[in-house]
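Asks: A single structure is presented below for examination.
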Amino acid sequence: MKIIHPLEPIFNKDSKVLILGTMPSIKSRELGFYYMHPQNRFWSVLEIVFNEKIPNDIESKTNFLLTHHIALWDTIKSCTITDSKDSSIKNVKVNNIKKLIKNTNIKYIFTTGKKSYELYNKYIYPQTTIPAILLYSPSPANCAISLASLVENYQIIKHKSQE
């Protein structure tokens with residue numbers, strides 16, 4: 001099924017780090033925000049990393065990100081995808097990450113998973129020249145990675161967002 005990315009990026013001029021996924025899951029598209037599948041560990045990991053409770057509403061999540069100088073978006077503008085499986089992604093058009101970065105203080109880019117990392121390096125890095133740092137995917141499909149490993153892996157976001 002062809003999907004056009006339905007969500008706006010979260011950022012402001014003070015954003016220092018950018019976290020990029022691939023495309024919002026079916027559940028995230030239904031609920032209108034990033035990483036909203038109840039079994040996705042993205043928000044749980046950030047709560048532990050920043051030692052801060054993040055309420056489940058979109059406004060609170062957005063405020064959390066902006067308060068911590070974190071921008072959030074996805075590499076893909078449109079693609080064909082089966083269900084929410086990154087492995088099925090084809091016919092990719094990427095988002096204009098360079099334009100977003102131009103309006104911020106972003107110096108570090110993180111990708112949540114291999115597909116986002118590959119797409120960033122292939123299509124977007126030549127425009128931004130900011131190397132991406134690969135993070136583990138917080139997706140429920142990546143259950144081989146423990147919560148503790150995710151938290152350890154994501155600590156770098158806190159460090160870089162505070163520089």
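Asks: Give the relative contact order (percent, whole number) for segment 1-48; include only Cα pairs under 8 Å separated by 6+ residues.
Replies: 29 percent
Asks: Same structure, new question: Leaving out same-chain residues fewer than 8 places away, which aspartates and glutamates sit with a Cα under 17 Å from that of Lys115?
Replies: Asp74, Asp83, Asp86
Asks: At q = 0.09, 0.18, 0.19 Å⁻¹, what is the log10 ratio I(q)/I(0) for segment 2-161, with the Debye formula run over Cα points and no solvent?
Replies: -0.25, -1.15, -1.30
Asks: Give me the percent of DSSP beta bridges within the chain that run antiparallel, rounded to the nearest 5.
Replies: For the chain, the DSSP antiparallel bridge percentage is about 35.
Asks: Plugging the Kirkwood radius over Cα pairs into Stokes-Einstein for segment 72-124, at a temperature of 4 °C and a viscosity of 1.567 mPa s, what D comes out in µm²/s?
Replies: Stokes-Einstein gives a translational diffusion coefficient of 109 µm²/s.
Asks: Regarding segment 6-70, what is the average projected area of its C-alpha convex hull, in nm²?
Replies: Averaging across all directions leaves 4.3 nm² for the Cα convex hull.
Laboratory data are not the source of any read-out in this text; all were calculated from the coordinates shown. Fair warning: this is a prediction, and the values are worked out from it, not measured in the lab.
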